[in-house]
Number of protein chains: 4
Amino acid sequence: MLQRIGVLTSGGDSPGMNACIRAVVRKAVYHGLEVMGIKRGFNGFIEGDMVPLHLGSVADIIHRGGTILHTARSVQFLNPEGRARANENVKRFGIQGLVVIGGDGSFRGASIFNREYGLPVVGVPGTIDNDIPGTDQTIGFDTAVNTAVEAINKIRDTATSHERTFVIEVMGRNFGFIALAAGLAGGAETILIPERPFSYDEICERLMRGYRRGKLHSIIVVAEGAAGGLEVARKIKERTGFDTKVTILGHLQRGGTPTAADRILASCLGAKAVELLMAGETRKMVGIKAGKVVALDIEDALSQTRSIDLDMYSLAGILSI
Amino acid sequence: MLQRIGVLTSGGDSPGMNACIRAVVRKAVYHGLEVMGIKRGFNGFIEGDMVPLHLGSVADIIHRGGTILHTARSVQFLNPEGRARANENVKRFGIQGLVVIGGDGSFRGASIFNREYGLPVVGVPGTIDNDIPGTDQTIGFDTAVNTAVEAINKIRDTATSHERTFVIEVMGRNFGFIALAAGLAGGAETILIPERPFSYDEICERLMRGYRRGKLHSIIVVAEGAAGGLEVARKIKERTGFDTKVTILGHLQRGGTPTAADRILASCLGAKAVELLMAGETRKMVGIKAGKVVALDIEDALSQTRSIDLDMYSLAGILSI
Amino acid sequence: MLQRIGVLTSGGDSPGMNACIRAVVRKAVYHGLEVMGIKRGFNGFIEGDMVPLHLGSVADIIHRGGTILHTARSVQFLNPEGRARANENVKRFGIQGLVVIGGDGSFRGASIFNREYGLPVVGVPGTIDNDIPGTDQTIGFDTAVNTAVEAINKIRDTATSHERTFVIEVMGRNFGFIALAAGLAGGAETILIPERPFSYDEICERLMRGYRRGKLHSIIVVAEGAAGGLEVARKIKERTGFDTKVTILGHLQRGGTPTAADRILASCLGAKAVELLMAGETRKMVGIKAGKVVALDIEDALSQTRSIDLDMYSLAGILSI
Amino acid sequence: MLQRIGVLTSGGDSPGMNACIRAVVRKAVYHGLEVMGIKRGFNGFIEGDMVPLHLGSVADIIHRGGTILHTARSVQFLNPEGRARANENVKRFGIQGLVVIGGDGSFRGASIFNREYGLPVVGVPGTIDNDIPGTDQTIGFDTAVNTAVEAINKIRDTATSHERTFVIEVMGRNFGFIALAAGLAGGAETILIPERPFSYDEICERLMRGYRRGKLHSIIVVAEGAAGGLEVARKIKERTGFDTKVTILGHLQRGGTPTAADRILASCLGAKAVELLMAGETRKMVGIKAGKVVALDIEDALSQTRSIDLDMYSLAGILSI
């Protein structure tokens, strides 16, 4: 009979992680479970750095960015010794199930740990990058996109006023989810994503075509994995002579009050994770698919490939003519 | 061969209508069509108040609340004479298809007009209420929910500081979509929706239970269709003696810069509406179902019943213990 | 030699009170003092409800609305018995000076208490209403004005789209500071303040004049002390027949993250209050005058009359033609 | 008798420039004047690129960032030939007075032009940098500071969650106004400004002191004129080993909806500029000093030195212990 579970946040922080921690704790307490909050991701797991979380521990956090449990990327947990130490704490603290809020790397670690030591684990996808297979959306993505769109709005004021070309670099090493969503919503004239090859000739031609029609300013949103913002600006300047500036959004995208959608997603997924542990499930991740909360085997989910909607990419091109 | 279409916004305005108009115009122009923007909903249709919209007419509007075409609830279009006059304008202006951005009432009017005069019509669901069958989400809903959540955040500051109970009345005559989403995301202690009966005894008992545990403030979100905010506050004050205040959000929920999600939804649905007209379809509405853009017969769609997710309602109750 | 001071927030909460508490605590600790945080205004003073505040107690609060010390309007402190009980706590807790963050009523109470029992007191003007003589600006006013302006922006979207007249009621019982600043910054067509008589004839004539020039929507900002929003709307509707709606901002104006200006003002005034107590001053209030932090005798300050800038009022009329 | 004036925006754009243009136009029209809007700063003046502005031309712009007149830094106007061509346009368009919204360089250019050709000129200080002598605050500064503070808030979420040190570079080549205000309001642990020498030893010692007390994250705000953000981060990392990240706010600070304070300042200063021209004044700049709108001789004003409030700088250090 399940009595005590642990919860941790791992990898890059994302807005909505706190709403998720709150959901895990309150759902668990509602069903009579105890919850231990593990600090700094798997590091706290290894070091036994954890505290009991009560109803009141998660009051007034639903709207806060970041994570009250802190987070880290744990190198030690990649090693068998690290995991062995973690297992000592599992026994010492009487942890009978673990909710891991983070990205695919964290899920893999949790999965290995389960195979080695048998602790039931459930992953909740929390990352701004939206790059986790098995879910249509990750916790934090909606907020990050809105933050990027606000930045585009601000920069457009200056781009228009000075008749300049602006390159805005957003996050996304392997995927262009943020770039596409923010570029489409922000009305960016050009969007560069890792999934789709581009040429500077094409970009500059598009700029020149706009210029000849009287469009004297332009916003180019580029995912960091497609090209560096500085490089894009330099190339454009060289070829067109346009006054071209760069803004790299960087960590601004990680923070801030989560949007309503992220808080709701975080609440639903956090609660579902607890339900799965209570039902005796393990090595599952929760996600949202076609509008429904779902549970998948971590390994199955992560073996899927995540792909961007290229029709939407084409649409963005048509609408920003 | 389709050459010229019209677009209008009808009913209450919602954030994202402009993003949708932009998508209709740019998608249409991309395919070589001409677009007439019809003013003040069906009123402008009846009065022949319409202007050509070009690529530049919809520049710099994607982020603006309201609708550049203005909107109205047309009484005249309910009458055969009104529709007959509208048909005169269809001929006069050479309109061969019509995109109606608005609510179910507007779709019904458009559908009747099609049956009478044959003009192909496609509806795009634009309303903050999220109350249109045939789509999981309407344009403007996400923004309205975020606006309501921001309001809850602000009021919670005062509720906490003064140890008060606050009743926040949000829109939703027949459905509690805004109330549920905003209440869940805002961490409201109690949510009252039309879909679920409630008793003041139950509400007050919940408040008293919280009070005994030391919770000296409380937020109650009420959909206008469930009960009047003023009445709820009065009843609570009478029964508990708690200092209880009311805020009626009203029209604040309609305005504001649309969120990224609303701009993207508006862009996708607006483009799809044009595609449908180009494909010779009529009496269709577009929507988003299970994450996909879909097209349904207006009459089929509107005969469905829209229902709220009562599991989510229960979850909100559990998480705000 | 001063060793321990108390700090409390009193009256209506205002954004920036937490930034002020933080400044009082950190400035005091920097100079080797101890600080007691008194709960719920003078009520906690009377009941001995107070806690020591350290550097860490005020970490991460500069950006939060409301007040971590909670606030109340204390009826008991108006009575000699209440103040006598408070004095017991002064002795019991060893309080040697008191910072009162609140409005003029709170300052008067503190001043009386000083005359009766000798405890040095310094007032810091914290209220959104900006209605305290002796300072050009109060903590919270700038935030409240920005909140009201955002509301005007949102409502203008709907006003324009529906060609409606909107009446927005803002706070201000005796003064029109919020109404004037928000109306001028929001581009309101008409502003009604208690300081300046108005007639419905004049308002309606202005509306009609705009209407004849093609201005089909209009925003009227009214301070609650000038007239009730509902009444204004009813009168306008009766006389002009215009579709007129009302929004009462109410408590929305009190909450929210404080603006940069409010945080800076709160920090400077809070620190100054501690300096005054350290210098042996009493019955002073701090304020900002002509851009400088100043200290005035509470009674002198409160005997001054606060007046609104009627030139600015005229300017608002000219600019919103 | 004055009949027609021109208005232009020059130098870097700043939020509130549109509110100022609106005030110039409406105030002038109110007094029966005509207004020509000159495009792209002095470039449009030289090229004769100007359009009449009416009441309606400036409707619905008070809340928009950027400038509807566009702006530029004009190299040509530095040359006598450029100014001679501008004078041709003065005659051709019948301009009898000029309002220049921009920075000190723009005022100098206007002043020289007046000495050469006699056209009355009045400068209005519009720049986010707050670096113009003769005024306590420039149009756009308040908005830029609030933007920077919001960025600090977002980054603090990640700094706290990951226990990192963050360096945030803000604008300010010669002055630390934005850095100081944003750093104080954002609760930054360290602020680096050009006006005050610093050593990396001092910074790192402060960081280490915090670290030993348990403060595992830290925000350092640096004005671009004090040091490069990248360099600061590198030095800190070298000396302390702390995980240190950088965010360069850059052009994000220029854009966005102006705050209420910036709109009010812009409105008052724009109106005053028109009054001065009507009164036959020339080579004046308007400003706000000790809370009052003032007019100064451009050359007198610019010969003053602008200095930052070092007491406020010290206070920021005390409050962020």
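The values are calculated or read from the model by the stated rules, or taken from the named source; none is laboratory data. Everything numeric in this text was worked out from a predicted model, so none of it was measured. When we count neighbours, we look across all protein chains shown, and the Cβ atoms used for this are built from the backbone with ideal geometry, even at glycine. SASA here: full protein model, heavy atoms, side chains in, ligands and nucleic acids out. Shrake-Rupley method; radii C 1.70, N 1.55, O 1.52, S 1.80 Å.
What spacing in nm lies between the two simple spin-label points modelled at D:Glu88 and D:Met1, each 7 Å away from Cα in the Cβ direction?
It is 3.2 nm.
Return the distance in nm (one decimal) between the two label points of a simple spin-label model at C:Asp60 and A:Met208, each offset 7 Å from Cα along Cα→Cβ.
5.5
Once you put a point 7 Å from the Cα of D:Arg196 and another 7 Å from the Cα of A:Arg234, both along the Cβ direction, what distance in nm separates them?
3.7
If each DSSP helix of 4+ residues adds -39,500 (n - 2.57) and the sum is divided by the residues in chain B, what number results at 222 nm, nearest 500 deg cm²/dmol?
Calculated at 222 nm, the ellipticity per residue is -13500 deg cm²/dmol.
Give the average, rounded to an integer, of partner chain Cβ atoms located within 10 angstrom of each Cβ in B:177-186.
Details: counts 0, 0, 0, 1, 4, 2, 0, 8, 13, 4.
Partner Cβ neighbours, averaged per residue: 3.
On average over all directions, what projected area in square nanometres does region C:142-255 have, based on the convex hull of its Cα atoms? Could the numbers behind the result be given before it?
Values: hull surface 24.7 nm².
Averaging across all directions leaves 6.2 nm² for the Cα convex hull.
Please report the relative contact order for chain D, taking Cα pairs under 8 Å with a sequence separation of at least 6, and give it as a percent rounded to a whole number.
Once divided by the residue count of chain D, the mean separation gives 23 percent.
Could you state how much accessible area A:Val170 has, in square angstrom rounded to the nearest 10, with a 1.4 Å probe and all protein chains kept in place?
Rounded to the nearest 10, the figure is 0 Å².
Just the accessible area for B:Thr158, please: 1.4 Å probe, Å², rounded to the nearest 10?
The accessible area comes out at roughly 0 Å².
Given charges of +1 on the Cβ of Lys and Arg and -1 on the Cβ of Asp and Glu, with all other atoms neutral, how large is the dipole of chain D about its Cα centre, in debye to the nearest 20?
Values: 37 positive and 34 negative charges, 70 e Å.
In total the dipole reaches around 340 debye.
Quick one: which residues, 5 or more positions from B:Arg283 or on another chain, have an amide H under 5 Å from its amide H? H modelled 1.01 Å from N in the peptide plane, none for Pro or chain starts.
Distant-sequence amide H within range of B:Arg283: B:Val121.
If you average the alpha carbon positions of region D:155-184 and of region D:281-318, how far apart do those two centres end up, in angstrom?
25
Given the rotation that superposes chain A on chain D, what residue of A brings its beta carbon nearest the axis, and what is the distance in Å?
Per the A/D rotation axis, the closest residue of A reads A:Ile248, 3.
Short version: ³J(HN,Hα) in whole Hz for each residue of region B:85-93, in order, from phi by Karplus 6.51 cos²θ - 1.76 cosθ + 1.60 (θ = phi - 60°), x for Gly and Pro, what are they?
5, 4, 5, 4, 6, 4, 6, 4, 9
With a sphere of radius 9 Å drawn around the Cβ of B:Leu33, what net charge do the other residues whose Cβ falls strictly inside it have (Lys, Arg +1; Asp, Glu -1)?
Taking every other residue near B:Leu33 into account, the sum is +1.
When the distances between all Cα atoms of chain B are binned every 10 Å from zero, what whole-number percent does each bin get?
6, 27, 29, 18, 12, 6, 1, 0
Which order do the peptides D:229-237, C:186-194, B:78-86 come out in when sorted by mean C-beta neighbours inside 10 angstrom, highest first? Walk me through the intermediate numbers first.
Numbers: D:229-237: 17.9, C:186-194: 24.0, B:78-86: 15.6.
The densest-packed peptide leads the list: C:186-194, D:229-237, B:78-86.
Could you work out the Kirkwood radius for region C:142-191, taking every pair of different alpha carbons, averaging 1/r and inverting it, reported in Å?
On the way: mean 1/r = 0.0906 Å⁻¹.
Mean inverse Cα-Cα distance, inverted, gives 11.0 Å.
Please label the shape of region B:63-135 as rounded, prolate or oblate, based on the square roots a ≥ b ≥ c of the eigenvalues of the alpha-carbon gyration tensor (a/c under 1.5 means rounded; beyond that, a/b larger than b/c means prolate, else oblate).
Prolate, because a/c is 1.5 or more and a/b exceeds b/c.
From the alpha carbon gyration tensor of region C:1-106, can you work out the equivalent ellipsoid semi-axes (sqrt of 5 times each eigenvalue) and give them in Å, largest to smallest? Before the final figure, lay out the partial values.
Numbers: eigenvalues 88, 62, 19 Å².
Values for region C:1-106, descending: 21, 18, 10 Å.
Rounded, prolate or oblate, given the Cα gyration tensor of the protein assembly as shown, with a/c below 1.5 counting as rounded?
Rounded shape, in that the Cα axes give a/c under 1.5.
Which cross-chain or sequence-distant (5 or more) residues have an amide H under 5 Å from the amide H of B:Glu34, H modelled 1.01 Å from N in plane?
HN-HN under 5 Å from B:Glu34: B:Arg4, B:Ile5.
Could you tell me the accessible area of B:Met278 in Å² (1.4 Å probe, neighbours in place), rounded to the nearest ten?
80
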